Amino acid sequence: MTQSVDRVVIVGAGTMGVTLAKLMLAHRISVRMIDTHHAALERCRQAIDLAFSDAATPVGKLEVQTGWSREGNDTIVIESVTENLAIKRVVIAEAEANCGTGTLIVTNTSGLSIDAIGQDMRHPERLAGAHFFNPADLIPAVEVIPGAATTSSAIHRTCDFLTRIGKRPAVLKQSVPGFVANRIQHAIMRECLSLLEKGVVDAKALDEIVQFSIGVRLALNGPLMQRDLNGLDTHLNIARYLYEDLEDTHTPSRLLEEHVAKGWLGIKAGRGFYEWDQAGTRQTTREALERVISLAMEQKGGEGNENV
Ligand SMILES: NC(=O)c1ccc[n+]([C@@H]2O[C@H](COP(=O)([O-])OP(=O)(O)OC[C@H]3O[C@@H](n4cnc5c(N)ncnc54)[C@H](O)[C@@H]3O)[C@@H](O)[C@H]2O)c1
């Protein structure tokens, strides 16, 4: 069993850092948030104040600071700074220098190599990947990724901690670029963008087809279980004639490059694949997401998938 953790250090008060802080505080775990930018810390503090302004039950305590304090062994460090290997290497080395030797250090990288991130550590055996999904306080899954040096004890501690805060940790056997979720997400998007580029379908029809077919199925069952339900022989018959026609480019799509070059970055820029305005903004609400998650949990039942 792991010792109980009452405080975490989160490094990086950006999109993920703020939702990670909400998650911890809601579980009465106090948070020391470190970010080099005062403005990011201020935004974090405001978001947390707003989130817990009428909390009925006590929550953990938030401290924000721009630099490190000495940490003991009873803390977990969650690195969630900009997705840049050089920056992460420095932050992880700083974490190690400021923490007791028993401190578990996890990185929330979306897919960088755990070994490369821990390259400057003296004790890389206590570094693991813990890839949360946005918003971290809501989405249940967390990919747990060992580096070559990570001990099974560090993986167990990571999983125990994640389970304690209501997450569903799933452990990879090894670190591969993009881990599992981003590899699959990018495989799907490579084909979607190729279909748009070839003029097979427009954005609205593509979204309609995917959301109300594969999308609704995947909310209830993982892709492999879903294929079991449909029949593997049929899947194989289709695979035999289809794969030679699927997109297999090794570079990002031309359409995607063009959109980004034009500043069409999506809802935050007012235009992406769709045009967005204030009145027409249609983001998935937290309540809708919560309903889908609870349906998926009901379907799947309580068992986790640590595979340690
Ligand atoms: N945004 C997502 O949907 C998402 C989902 C899962 C994982 N991630 C991963 O989480 C991490 C953070 O992503 P984000 O979207 O929150 O990024 P972000 O750009 O919103 O925030 C990054 C924060 O890190 C801070 N920072 C940069 N260098 C620092 C340093 N040396 N010390 C302390 N703070 C520093 C920045 O000031 C900024 O506030 C990335 O590794 C990303 O790949 C992001």
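The values are calculated or read from the model by the stated rules, or taken from the named source; none is laboratory data. Please read these numbers as outputs of a predicted model, since none were measured by experiment. Virtual Cβ from ideal backbone geometry, glycine too; neighbours counted across all protein chains shown.
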Does any residue of the stretch 49-71 turn out to be away from the ligand (no atom under 13 Å from the Cβ), surrounded by fewer than 19 Cβ atoms within 10 Å (Cβ to Cβ) and closer than 19 Å to Ala128 by Cβ? yes
Selection from the stretch 35-48 of residues that are within 10 Å of the ligand (Cβ to nearest atom) and either touching a His at 6+ places or on another chain (Cβ under 7 Å) or assigned to a helix (DSSP H, G or I) (or both): His38, Ala39, Ala40, Leu41, Arg43, Cys44
Checklist (1) in contact with a strand residue (DSSP E or B) (Cβ under 7 Å, 6 or more places away or on another chain); (2) more than 10 Å from the ligand (Cβ to nearest atom) applied to Thr107, failing item: (2)
Anything in the stretch 1-17 that is touching a helix residue (DSSP H, G or I) at 6+ places or on another chain (Cβ under 7 Å), within 8 Å of the ligand (Cβ to nearest atom) and not in a loop (DSSP other than H, G, I, E, B)? List them, or say none. Val11, Gly17
What's the total number of residues in the stretch 45-71 that are over 23 Å from the mean Cα position of the chain (by Cα) and under 27 Å from Glu94 (Cα atoms)? 9
Matching entry among Val210, Val216, Val260, Val176 (being outside any helix (DSSP H, G or I) and within 25 Å of Pro135 (Cα to Cα)): Val176
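Yes/no matrix, rows are residues, columns are (1) closer than 20 Å to Ala26 by Cβ; (2) outside any loop (DSSP other than H, G, I, E, B); (3) of a type outside the set (Ser, Thr, Tyr):
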residue	(1), (2), (3)
Asp137	yes, no, yes
Ile145	no, yes, yes
Ala148	no, no, yes
Ile155	no, yes, yes
Asp160	yes, yes, yes
Thr163	yes, yes, no
Pro169	yes, yes, yes
Those residues of the stretch 190-232 which are acidic (Asp, Glu) and either touching a residue at least 24 places away in the same chain (Cβ under 8 Å) or within 16 Å of Tyr274 (Cα to Cα) (or both) amount to Glu191, Glu197, Asp202, Asp207, Glu208
Out of the residues in the stretch 85-98 that are surrounded by fewer than 16 Cβ atoms within 10 Å (Cβ to Cβ) and near the ligand (Cβ under 8 Å from one of its atoms), state the one that is farthest from Gly118 (Cα to Cα). Ile87
Out of everything in the stretch 99-127 that is buried (at least 16 other Cβ atoms within 10 Å of the Cβ), in a loop (DSSP other than H, G, I, E, B) and not polar (S, T, N, Q), what residue ends up being farthest from the chain's Cα centre (by Cα)? Met121
Test: Lys198 is of a type in the set (D, E, K, R) and at pLDDT below 95: no
Please work out which residue is nearest to Ala296 (Cα to Cα), limiting yourself to the stretch 219-257 and to residues that are in a helix (DSSP H, G or I) and among the hydroxyl-bearing types (Ser, Thr, Tyr). Thr234
Filtered residues of the stretch 131-141 (kept if within 10 Å of the ligand (Cβ to nearest atom) and in contact with a strand residue (DSSP E or B) (Cβ under 9 Å, 6 or more places away or on another chain)): His131, Phe132, Phe133, Ala136
Considering the stretch 72-84 alone, what residues qualify as being more than 10 Å from the ligand (Cβ to nearest atom), over 19 Å from Ser175 (Cβ atoms) and either at pLDDT 95 or above or within 23 Å of the chain's Cα centre (by Cα) (or both)? Thr75, Ile76
